[in-house]
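Quick note: the coordinates plus some simple rules give every number you see, no bench work behind them. Treat the numbers as computed from the prediction; the structure is a model and nothing was measured. Quick reminder, even Gly has a Cβ in these numbers, built from the backbone with ideal geometry, and neighbours come from all protein chains shown.
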Amino acid sequence: DAGVIQSPRHEVTEMGQEVTLRCKPISGHDYLFWYRQTMMRGLELLIYFNNNVPIDDSGMPEDRFSAKMPNASFSTLKIQPSEPRDSAVYFCASSLGRMNTGELFFGEGSRLTVL
Amino acid sequence: SQKIEQNSEALNIQEGKTATLTCNYTNYSPAYLQWYRQDPGRGPVFLLLIRENEKEKRKERLKVTFDTTLKQSLFHITASQPADSATYLCALEDNQGGKLIFGQGTELSVKP
């Protein structure tokens, strides 16, 4: 398996623009997570899905952020409009079963810079 | 409030020595704790999971302890190598269940 695949790896955009980050989880995994990592705040959970259904989005910072999982093999995280403080590395991760039964598999991340 | 604390300062050790990293938590009652490794520009990679009823777990040169009374986990790398240089993150499930919360991580540097 190729692992969790994220795109784009790097994105530079201007304030106010829409940003869409994409994730393909490992086939067969039933949980999908979106995390954001910054130097100041570390790795923060934004939202997670179970069987394509959003379970907890309490980490989503504002209404400017939205996430979807239309099917088991694809998820998007959208920021509209983007702001400089959204600059971070965004990670997608997937797992088989809940976290207490095993590991999260992370993608390589999407580094977002908002100017 | 809930907190997970790891050594914020980087840990520098000599090759061959044992590295010990600390993870302390407050206001959590985790049933398990996980450790991950993260290299620059990469995503975290899972290393070990230890449950509350397991005092210690080993995997090759890695050893993790979990003391629910002290609310602390220790992560040891024996016979450390320069290739072990990375940031190490601990993670545990929050009290509401379902969310894996990460500490800030400790950067380890092993000098030859």
Rounded to two decimals, the Debye log10 I(q)/I(0) of chain A (Cα scatterers, no solvent) at q = 0.10, 0.11, 0.14 Å⁻¹ is -0.26, -0.31, -0.51
Using a simple charge model, +1 on the beta-carbon of Lys and Arg, -1 on the beta-carbon of Asp and Glu, nothing else, what dipole does the protein assembly as shown show about its Cα centre, in debye to the nearest 20? 440 debye
How many angstrom lie between the Cα centre of the stretch A:52-76 and the Cα centre of the stretch B:64-112? 28 Å
For Cα pairs less than 8 Å apart in space and 6+ apart in sequence, what is the mean separation divided by the residue count of chain B, i.e. the relative contact order in percent? 36 percent
Pick from A:Glu44, A:Glu62, A:Glu18: which residue has the top mean-square fluctuation in a GNM of chain A where Cα pairs under 10 Å get a spring? A:Glu62
Over every pair of different alpha-carbon atoms in the stretch B:50-112, take the mean of 1/r and invert it; report that Kirkwood radius in Å. 13.2 Å
Too-long pairs where the Cα-Cα distance tops 18 Å, listed order kept, from B:Lys3/B:Lys57; B:Lys3/B:Lys71; B:Lys3/B:Lys99; B:Lys17/B:Lys111: B:Lys3/B:Lys57
How much of the calculated P(r) for chain B lies past 21 Å, in percent of all Cα pairs? 31 percent
What is the Cα convex hull volume of the protein assembly as shown when expressed per residue in Å³? 127 Å³
